[in-house]
Amino acid sequence: MRQGFRVIDTDTHVNPSLDVLLRYADTELRERIGDLDPYRRQVKPAPGRGDAEDVDAYTLLAIKPVRLQRVAGEKARPATEVGGDRGFLSGRTQMVTRKPITPRTSEDNAKGRLQDMDVEGRDIDFIIPGPWAYGAPALAPHLMKGLYRAYHRYIADFCAADPRRLKSMVLAPGNDPTWGAQVIQEHADEPWVAAVWPLLPEGLPVDDPDLEPIWAAANEADLPIMYHGFTIETPYFPGYRDIWDNPAMGRCAGQTWGGQRFLSFMLMGGMLDRYPNLRVAALECGHGWLPHWLVRLTRQIDYVKGSVPATLKHTPVEYAQMGRVFCSIDFSEGVLMTKAVIDLMGDQALMFASDYPHPETIFPDHADTVIAWRTTLGDIAMRKLMWENATRFFRLSSTPWSDHEARTTP
């Protein structure tokens, strides 16, 4: 709770080292562990980012990372050896937090994360794994499945520190949707599960009919479908060859394009008609583009005949107005942009997000900074932004206030 508002952070992260993840590996993955050697990358911990600061270096997985290096206004240079960096953002971003993130909160220190949440006033953290999870469908099937099984065991153990406050998603690979559906069914009743993330191999559209088992399983479990923008590993963001090798342009355009494409095809493909429990959200993709994109997409569907099923029941704008489309905010876009989105789309779509413990967070002031927008947005819209919209999007089987509400409900 912060300043009288409950706070659900819809975009926080862990990125466990390979050593931590392998604590949860099954025999099948351990017997083929050498197959991961090409994807190992040694990195040094960065102070104040939630890393394992008690070691000199540790191993992360990096799966076919894209390299963007050209400085704007300069000629392209030959690619340089990247060694132990974390992708094209390595060395280009820095923390601007007022206090350091507690060590190992990105690894295995769930109690430390809960302490940070208390300091900032976050009631619930929705936790997203690092880019290796996004890129894993590019691996051999036995590696992808083994890593996803290990992550589900790991995150269940991590969230067990307080499953009312720590939530995550089921990873459902699009290159084996039957198995993905089985994984959803296996974990659907666990208290940490709040959403499903369909992870696609490069070239597979999110509205491909082969993915129906995933939508059916999520619908049955009342679990929403989320997308999180990543720009440093395969499957690369739309247009990644067209940003002329510049890292700032890659970050600016890549996340937004990815979120726009995901929402577009989820809304045009008819899945929300066939599965009435589904809700969809784009996380860490910005939010100012949302009304422009949905209005423009609605117009293009009407203008370019035959682009969507004739049976599609609603326009993209109507799906959003019905409360089935959500988007996390990027606080750097500011209060006036946020107000414009609410004025155009209504106050039912946007959700608070901090990107903790990554450099975009201003821990421990992120929640306070956004709550200060109440003078412009009003208390009702602020309450929806900080927690009510997230409670409608996520499937929250328990919350920190569940017991209190049960005691006080007549």
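FYI, it's all coordinate maths here, none of it is from the lab. Predicted model, so just to flag it, every value in this text is computed and none were measured. All Cβ positions, glycine included, derive from the backbone under ideal geometry; neighbour counts span all protein chains shown.
What is the distance, in nm, between label points placed 7 Å from the Cα along the Cα-to-Cβ direction at A340 and at D37?
In this crude label model, A340 to D37 measures out at 5.3 nm.
So, how do all the Cα-to-Cα distances of segment 344-384 break down into 10 Å bins, in percent, from 0 on up?
28, 47, 24, 1
Sort L344, L290 so that the residue with the fewest other Cβ atoms within 10 Å of its own Cβ comes first and the one with the most comes last.
L344, L290
Based on the alpha-carbon gyration tensor of segment 128-168 and its eigenvalue square roots a ≥ b ≥ c, which shape applies: rounded if a/c is under 1.5, prolate if not and a/b is larger than b/c, or oblate?
Taking the square roots of the gyration eigenvalues as a ≥ b ≥ c, segment 128-168 is prolate.
Quick one: how many lysine pairs does the chain have with C-alpha atoms less than 19 Å apart and a gap of 8 or more or different chains? Give me the count, please.
5
Springs between alpha-carbon atoms under 10 Å, Gaussian network over the chain: tell me which of G203, G135, G50 tops the mean-square fluctuations.
Judging by the Gaussian network model, the answer is G203.
Excluding the sites themselves, what is the longest stretch of the chain that contains no GluC sites (Glu not before Pro) in a DSSP loop with at most 13 other C-beta atoms within 10 Å?
203-410
May I ask you to give the average projected area over all directions of the convex hull of the Cα atoms of the chain, in nm² rounded to one decimal?
Projected over every direction and averaged, the Cα hull of the chain covers 20.8 nm².
Which residues does the label zone of R153 cover in segment 16-40, counting backbone N under 14 Å from a point 7 Å along Cα→Cβ?
19-33
In the chain, what % of DSSP beta bridges are antiparallel (nearest 5)?
20
Normalised by the residues of the chain, what does the relative contact order come to in percent, with Cα pairs under 8 Å and at least six apart?
21
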